[in-house]
Amino acid sequence: MAAYLLRRTVQILLTLFVFLTIVFFLVSAQPGDITRLYSMDPSLPPETRANLQELFGVNEPLWKQYLVHLKNTVTGNFGVSFSLYPRTVGDVILERLPRTLVLFATATVISFYLGFALGKIIAWRRGGWVEYTSTIGGVSLYTVFTPWFGLMMIWLFAFKAGWLPIGKFLDPVVWRDAPTDSNTIFNLMLATAAVLTVVVFAVVLATSRKRLAKAPLIQAGTVTAAAAAVVGVWLASGVGYLAFDLVRHMILPIATLTLISFAGTMLLTRNSMLEVIREDHVMVARAKGLPEKVVRDKHVARNALLPVVTSFVFSLAFAIDGGVIIESIFSWPGMGQTLVSATVSEDLPLAVGAFVFVGVFVLVAHLAADVLYAYLDPRVRYR
Amino acid sequence: MRLDVARVASTLALWHMRLALAGRSLRQNWSLFLGTRIGILGLAIILFYLLLAAAHPILMHTIWDERTYDPIVGYAFDEPVQPAPPSLSHPLGTDPLGRDVLSQLMFSTRSEFLLGLLAALMTVCIGTMVGAIAAYFGGWVDTLLMRLADIMIMMPAISILIVLSALFEVGHLELAVLIGLLSGFGGTGVVLKSQALSVVVKPYIDAARAAGGGTLHILLVHVVPNLLPLSFLYMMFTVTSAIFSEAVLSFLGLLDVRMSWGLMIHTTESAGYLLQVTEYWWLIFPASLSITLLCSSFYLLGRSLDEVVNPRLRRL
């Protein structure tokens, strides 16, 4: 296993190098450079533009710039963003990445939960009307023209009904007299969510192992109590209304993403279940006279979970790319938007930094999925 | 001369048997396909759009006047206000520039099909060859191709396409080639390779090699045909993603195309009718629903082919 990990790590580094090279030359193959943004400004004399070019180092030969960016990537210091000067690339990514991750992690978790639950049912009732309606409905949502679907959601829930905000990360009116900035609140919210997740997970793990009769009751009680405690703490803190504003802005994009993606998990679970159903241990379980629900949930679904878990890891990795469309429809300032705008405006340091992040994310997720697979399925061994 | 007759006769007999076998497996597969039902729905939608695409040139040459109904430069002189609501002469109304929406919809259908099929063919040809070669040779060829696949999978596809279409003039043809390269060397290649791995260890490959078959012969005659069912399945999924990418890119106004469903919504958006959903529904729904329906139909078709191809999904 150690040798396998080492070999994969070396391969990851090589792949990342090739990827970085392709991306760098692709981005700088665009005509002009970052200073072309300023060339529309008549009050800017040509000398200033030349100075800017010199300052950013974009008048250097391409191979020199490439070496600089290569060095930056190796040292992990991506330098200063051109378009968001004087903020550093690391700073920008550190601000935008959590926003994207929160959106997509939440939507992915919900849609996997929903998809797995539905997939179990439709595999069990194969050929029934439940299967056809949910397959056709799910596939339509899965392949829906995303910009149109996002706009329909905005039109319905924000524009017509007025329940939710139309887009963006926050409402400036609410934040005008705010005692602190949105990043602090957002990070505090992240910390709360993390604590909540750990508490709930620990309780569920502890009770499900003990085979207590009242386990579902205890679990539900803990979840409610923990959620109530979180709401109470935020209300008492005095900045609860700010957190509420951020949450309000998150609901619509998360709902849209969940609706778009749950069918993928549903169909994967269904196929995986149908393959497990054929195995002998399922027939044994049935022959023992176990209730159908127990056979389905404990003997088939557990074994069918394997490919679903791997695809979960992968879909987290592709959050940034998939985020481009949703983020631009909902004007959500996340990584997807940053990636595209940095590339189009030729903000080389930010573009290289963002692409390297995407690359590392995907490659590590790929490795994590493989390792997880070997851990979950003892039959899989890597040499 | 006699010998030749005998050879022709035996070849004919061989082909007769092959055709009979192919016919039988086709009938079997067709009944499996019918059993899935969702495939029929997908096929029906695809046929409907094929008819739409075929009807457009006929209508243009018979009852539709070119000056009024041309999807790109036409103008509906019979309507006082543009965009005009649906009427008898314009069943889906006109767009903000006075062009007939139904004509645009039907005209675009053909290029959507061409784009989808071309991208799918590219993907499958590349993917099948990559899969077969990587599995057959193994070793450093395999490593090289699979690491290339890693890079392709790692490319954030939509972002890369946005960058490329901002860089070059990307039309339907270029987009099809790009999608074919990205997906053929990427995900599809990996899936087909894992299938090919189970083919190249079969005894008949060794038998073919022992009988003196060359590498190319073994690859083309013994490996690739056994990958074709799976390739065909992945063609359907590629069509879906190609049509979807085209729609997104032309919705953002990044593609160099004259007319497409995505561009129709782009026109609606740039004229400012996008959130007037109930008042100007004919500017938004026909194109968006067409994209969704055609994408879903190819996906449903792919799903039901999966049940035909994959024996582990058959009913007990």
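Hey, any hits in segment A:301-313 for a residue that's surrounded by fewer than 20 Cβ atoms within 10 Å (Cβ to Cβ), over 21 Å from the mean Cα position of the chain (by Cα), within 13 Å of chain B (Cβ to nearest Cβ) and in contact (Cβ under 8 Å) with a residue 12 or more places away in the chain? Scanning segment A:301-313, I find no residue that is surrounded by fewer than 20 Cβ atoms within 10 Å (Cβ to Cβ), over 21 Å from the mean Cα position of the chain (by Cα), within 13 Å of chain B (Cβ to nearest Cβ) and in contact (Cβ under 8 Å) with a residue 12 or more places away in the chain, so the answer is no. Filtering A:SER182, A:SER208, A:SER140 for residues that are in contact with a helix residue (DSSP H, G or I) (Cβ under 8 Å, 6 or more places away or on another chain) and exposed (fewer than 14 other Cβ atoms within 10 Å of the Cβ) leaves a single hit, A:SER208.
When you go through (1) outside any helix (DSSP H, G or I); (2) under 30 Å from B:HIS172 (Cα atoms); (3) free of Cβ contacts under 8 Å to residues at least 12 places away in the same chain; (4) among the β-branched types (Val, Ile, Thr) one by one for B:ILE72, which number turns out not to apply? Status for B:ILE72: all satisfied but (3). Only one of the listed residues (B:VAL191, B:VAL177, B:VAL170, B:VAL141) is outside any helix (DSSP H, G or I) and either modelled with pLDDT of 85 or more or surrounded by 15 or more Cβ atoms within 10 Å (Cβ to Cβ) (or both). That residue is B:VAL170. Scanning segment A:252-286 for residues that are within 14 Å of another protein chain (Cβ to nearest Cβ), surrounded by fewer than 24 Cβ atoms within 10 Å (Cβ to Cβ) and of a type in the set (A, V, I, L, M) returns A:LEU259, A:ILE260, A:LEU267, A:LEU268, A:LEU274, A:VAL276, A:ILE277, A:VAL282, A:MET283. Touching a residue at least 40 places away in the same chain (Cβ under 8 Å) and surrounded by 23 or more Cβ atoms within 10 Å (Cβ to Cβ): does that describe B:THR215? Against the criterion (touching a residue at least 40 places away in the same chain (Cβ under 8 Å) and surrounded by 23 or more Cβ atoms within 10 Å (Cβ to Cβ)), B:THR215 does not qualify.
Conditions tested, residue by residue: (1) surrounded by fewer than 20 Cβ atoms within 10 Å (Cβ to Cβ); (2) of a type outside the set (A, V, I, L, M, F, W, C).
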site	(1), (2)
A:ALA107	no, no
A:PHE112	no, no
A:ILE121	yes, no
A:THR146	no, yes
A:GLY150	no, yes
A:PHE157	yes, no
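For (1) facing chain B (nearest Cβ under 10 Å); (2) in contact with a Ser or Thr (Cβ under 6 Å, 6 or more places away or on another chain), each residue gets a yes or a no:
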position	(1), (2)
A:VAL139	yes, yes
A:THR146	yes, no
A:LEU151	yes, no
A:LEU156	yes, no
A:ALA161	no, no
A:TRP175	no, no
A:ASN187	no, no
A:VAL204	no, no
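Within segment B:257-287, being under 19 Å from B:ILE72 (Cα atoms), among the polar types (S, T, N, Q) and within 11 Å of another protein chain (Cβ to nearest Cβ) holds for one residue alone: B:THR268. Among the residues of this structure, B:VAL130 does not count as one that is at pLDDT below 90 and more than 12 Å from chain A (Cβ to nearest Cβ).
A quick yes/no check of all residues on (1) within 25 Å of A:ILE22 (Cα to Cα); (2) within 14 Å of chain B (Cβ to nearest Cβ):
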{"residue": "A:LYS64", "(1), (2)": "yes, no"}
{"residue": "A:PHE82", "(1), (2)": "yes, no"}
{"residue": "A:PRO86", "(1), (2)": "no, no"}
{"residue": "A:THR100", "(1), (2)": "yes, yes"}
{"residue": "A:LEU114", "(1), (2)": "no, no"}
{"residue": "A:TRP129", "(1), (2)": "no, yes"}
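Among residues of segment A:256-280 that are within 19 Å of B:LEU300 (Cα to Cα) and assigned to a helix (DSSP H, G or I), those with a beta-carbon under 7 Å from a residue that is modelled with pLDDT of 90 or more and among the aromatic types (Phe, Trp, Tyr) at least six positions away or on a different chain give the pairs A:ILE260/A:TYR142; A:ILE260/A:PHE149; A:ALA263/A:TYR142; A:GLY264/A:TYR142; A:THR265/A:PHE112; A:THR265/A:PHE116; A:THR269/A:PHE116. Residues of segment B:150-186 being facing another protein chain (nearest Cβ under 8 Å) and not hydrophobic (A, V, I, L, M, F, W, C), which ones? Those that are facing another protein chain (nearest Cβ under 8 Å) and not hydrophobic (A, V, I, L, M, F, W, C): B:ASP150, B:PRO156, B:SER159. Taken together, B:LEU255, B:LEU263, B:LEU275 contain a single residue that is aliphatic (A, V, I, L, M) and assigned to a helix (DSSP H, G or I), which is B:LEU263. For first residues located in segment B:25-44 and within 14 Å of chain A (Cβ to nearest Cβ) and in a helix (DSSP H, G or I), partners that are surrounded by fewer than 19 Cβ atoms within 10 Å (Cβ to Cβ) and of a type in the set (Val, Ile, Thr) and lie 6+ apart or on another chain with Cβ distances below 7 Å form the pairs B:LEU34/B:ILE40; B:ILE38/A:ILE136; B:LEU41/A:ILE136. For segment A:78-97, the set of residues classified as in contact (Cβ under 8 Å) with a residue 12 or more places away in the chain and either among the β-branched types (Val, Ile, Thr) or out of contact with any Gly (no Cβ under 7 Å at 6 or more places or on another chain) (or both) consists of A:GLY79, A:VAL80, A:SER81, A:PHE82, A:SER83, A:LEU84, A:VAL89, A:GLY90, A:VAL92, A:ILE93, A:GLU95, A:LEU97, listed by residue number. Taken over segment B:194-219, the residue count meeting the criterion of being farther than 12 Å from B:GLY131 by Cα and assigned to a helix (DSSP H, G or I) is 12. Of the conditions (1) within 8 Å of chain A (Cβ to nearest Cβ); (2) under 27 Å from the mean Cα position of the chain (by Cα); (3) not charged (D, E, K, R), B:SER290 clears all except one; give me its number. Answer for B:SER290: the failing condition is (1). Residues in segment B:69-102 that are of a type in the set (D, E, K, R) and modelled with pLDDT under 85: 2 in all.
The values are calculated or read from the model by the stated rules, or taken from the named source; none is laboratory data. As the structure is a computational prediction, the values presented were derived from the model and not from experiment. Don't worry about glycine lacking a Cβ; one is built from the backbone with ideal geometry, like all the others, and counts go over all protein chains shown.
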